[in-house]
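Data block below; observations after.
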Amino acid sequence: MKHIIKSSIAAMMVFGAGQASAADFTEPSLPSVSSVMSIYGGGAVLDSDDAEFDEDGYFIFGGDARVAGESWLFEIAGAGHTTTDDNSSSGHGGGAHFSGAGHWLSRSQDNTWGLFGALAHTEFADSDDYAQHVFGGLEFAGFGAQSTWFAQAGGVVCVNGACSDTWEAGGFGRVGFRYFPTDDQKFEIDFMGGFGNFDDDNDVGFTAAWGAEYEQQLSGPFSWFVAYRGHFVEDSTDGTTTPDAVSHAGLVGFRVDVGAGSLRQRDVEGAGTFNMPDLFRAFAWPDEL
């Protein structure tokens, strides 16, 4: 899996680097502040070699809101899923994740550099325990005539709660590519990989998240999207086995955009340039593995 992710990342970077200069927009310039809000829901299938993940399917729900100016972007996000363990004795069903981040940006029509920092609160899957993490790093987006490629790299550390039962500390990297057949249509793919100590063990574990999305602008500020999200969480261990879990999810959702005239303008000039990496399951699942 690691080799597949690395190959895909390299292919996207080569493709994105060959694109023409950034788009010229026919829409009026963005106001000083613009925003986008999303809600989504869907279902997922789960496969694990650990007996505590005994549900074949579960439901997912969540949303986020991003507000951006010329040199900054703030966002909040929340997500949850139903139980993954019918045998859990805690009486706590599913997991939940809430996070907020700030991005400090240097924008141009050709590219955007950024620095981001975030705080997350995660309730573990089928457990009464929780953890709070701080994560952040550097980010970059390059704009072609009809495309954007972006990358993020940084680190994460648990600062409060049951840190010995989650992703305690480590690093991550993410890369993605967006293609706009028209200013009102978007295809997006992204991959994230992370490593570090999971669930109070000395060996290094691995986590990954990947996905694809199609978004279509409707009349006015509204758009709808469908997405696939995949997740892999490996529990670091000192033993002979390394338990892991793989999830595949299908989602449908809606967005409301305030300020941008199109999906493409939102991507280059507004609140769509960056968002937080998908770390929910990497924080919530190690305690179950």
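The values are calculated or read from the model by the stated rules, or taken from the named source; none is laboratory data. These figures come from a predicted structure and were not determined experimentally. No Cβ is skipped: glycine too gets one built from the backbone with ideal geometry, and neighbour counts run over all protein chains shown. In case anyone asks, the SASA skips ligands and DNA or RNA and just uses the protein heavy atoms, side chains included. Shrake-Rupley method; radii C 1.70, N 1.55, O 1.52, S 1.80 Å.
Odds and ends about this structure:
- Qualifying residue in the range 68-75 (condition: of a type in the set (A, V, I, L, M, F, W, C), open to solvent by 20 Å² or more (accessible area, probe 1.4 Å) and part of a loop (DSSP other than H, G, I, E, B)): no
- Within the range 262-289, if we keep just the residues that are under 30 Å from ASP184 (Cβ atoms) and among the charged types (D, E, K, R), the residue that is surrounded by the fewest Cβ atoms within 10 Å (Cβ to Cβ) turns out to be ASP278.
- For the range 20-40, the condition of being touching a Leu at 6+ places or on another chain (Cβ under 7 Å), loosely packed, with under 15 Cβ neighbours inside 10 Å, outside any loop (DSSP other than H, G, I, E, B) and modelled with pLDDT of 70 or more holds for none of the residues.
Condition check ((1) over 24 Å from ALA96 (Cβ atoms); (2) at pLDDT 95 or above) across all residues:
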{"position": "VAL175", "(1), (2)": "yes, yes"}
{"position": "PHE198", "(1), (2)": "no, no"}
{"position": "LEU218", "(1), (2)": "yes, no"}
{"position": "PRO221", "(1), (2)": "yes, no"}
{"position": "SER236", "(1), (2)": "no, no"}
{"position": "ASP244", "(1), (2)": "no, no"}
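- Among (1) part of a strand (DSSP E or B); (2) of a type outside the set (Val, Ile, Thr); (3) open to solvent by 20 Å² or more (accessible area, probe 1.4 Å), the one test that MET192 misses: (3)
- Test: residue in the range 45-56 that is at pLDDT 95 or above, surrounded by 15 or more Cβ atoms within 10 Å (Cβ to Cβ) and within 19 Å of ARG281 (Cβ to Cβ): no
- Options VAL156, VAL134, VAL175: the member that is under 28 Å from GLU234 (Cβ atoms), of a type in the set (A, V, I, L, M) and surrounded by fewer than 16 Cβ atoms within 10 Å (Cβ to Cβ): VAL134
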